[in-house]
Amino acid sequence: MNNSAYMDLINSALEARKSAYVPYSHYAVGAALLTAEGKIYTGGNIENASYGATNCAERTAIFKAVSEGERNFTAIAVAGGMEGREPADYAWPCGICRQVMQEFAGGDFRILVVRGQQDYKECRLEELLPCGFGGESIR
Ligand code: THU
């Protein structure tokens, strides 16, 4: 992926934080998912009074894309921090989101964990979810 595609994805994740619904934690996460064709789907975390029904930003973006028929993804950028402030740290994807990425990520899939426009860590899913459980195990 070229640098300007990374920059667009990172900016989209930072922007998507504004769509987060976070009345309980006030921790706003934004995610931006890039398809193989170059389209970006964004999502914010959506909290719930029953806490456990909360949906993370990454899954919001992934489910939006998959429900629109997308299946091939190149990268996801994630940024999180207290609502109304710049991220103070890197927001690493939770375990459930890593497992959902496993379902749809190909070998070249990259995860960008973003703290600022020029400040991010890039990794592969295998680093975040070693020996992940995938569909090939049950076919
Ligand atoms: N959160 C995400 O959106 N993504 C993650 O990978 C980790 C956590 C959200 C869930 C909840 O709304 C808030 O961050 C605090 O846990």
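The values are calculated or read from the model by the stated rules, or taken from the named source; none is laboratory data. Everything numeric here is computed off the predicted structure, so don't read it as measured data. Quick reminder, even Gly has a Cβ in these numbers, built from the backbone with ideal geometry, and neighbours come from all protein chains shown. Note: accessible area is taken over every heavy atom of the protein model, side chains too, but ligands, DNA and RNA are not part of it. Shrake-Rupley method; radii C 1.70, N 1.55, O 1.52, S 1.80 Å.
Given Q99, S50, Y120, which one lies farthest toward the positive end of the charge dipole of segment 44-124, if we put +1 on the Cβ of every Lys and Arg and -1 on the Cβ of every Asp and Glu?
Looking along the dipole axis, the top candidate is Q99.
HN-Hα J couplings of segment 59-72 from phi, Karplus 6.51/-1.76/1.60, θ = phi - 60°, integer Hz, Gly and Pro as x?
Result, ordered by residue: 5, 4, 5, 5, 5, 4, 5, 5, 6, 9, x, 6, 9, 10 Hz.
Starting from the Cα-Cα distance between K121 and S4, subtract it from 0.36 nm times their residue separation and give me the gain in nm to one decimal.
Difference between extended and current length: 40.5 nm.
When the Karplus curve 6.51 cos²θ - 1.76 cosθ + 1.60 is applied with θ = phi - 60°, which whole-Hz ³J(HN,Hα) does each residue of segment 46-54 get, with x for Gly and Pro?
Result, rounded to whole Hz: 10, 8, 9, 4, 8, 6, x, 7, 4.
List the residues whose amide H sits under 5 Å from the amide H of Y120, counting only those 5 or more places along or on another chain, with H placed 1.01 Å from N in the peptide plane.
Correct list: R115.
Which ³J(HN,Hα) values in Hz, rounded to whole numbers, follow from the phi angles of segment 13-29 under the Karplus curve 6.51 cos²θ - 1.76 cosθ + 1.60, where θ = phi - 60° and Gly and Pro get x?
5, 4, 5, 5, 4, 5, 8, 5, 10, 10, x, 9, 8, 6, 9, 9, 10
Calculate what fraction, in whole %, of the accessible area of the chain sits on carbon and sulfur atoms when a 1.4 Å probe is rolled over the protein chains.
It is 49 percent, rounded to a whole number.
If you add up the charges near L125, with Lys and Arg at +1 and Asp and Glu at -1, over every other residue whose beta carbon is less than 15 angstrom from its beta carbon, what do you get?
-2
For segment 1-83, state the average projected area of the convex hull of the C-alpha atoms over all orientations, rounded to one decimal in nm².
Details: hull surface 20.8 nm².
Mean projected area of the Cα convex hull: 5.2 nm².
Out of every Cα pair in the chain, what percent are spaced more than 18 Å from each other?
51 percent
Counting just the Cα atoms, what span does segment 76-133 cover along each of its three principal axes? Round to the nearest Å and put the largest first.
That gives 36, 21, 15 Å along the principal axes, largest extent first.
For every helix of n ≥ 4 consecutive DSSP H residues, a contribution of -39,500 (n - 2.57) applies; sum these over the chain, divide by its total residues, and give [θ] at 222 nm rounded to the nearest 500 deg cm²/dmol.
-8000 deg cm²/dmol
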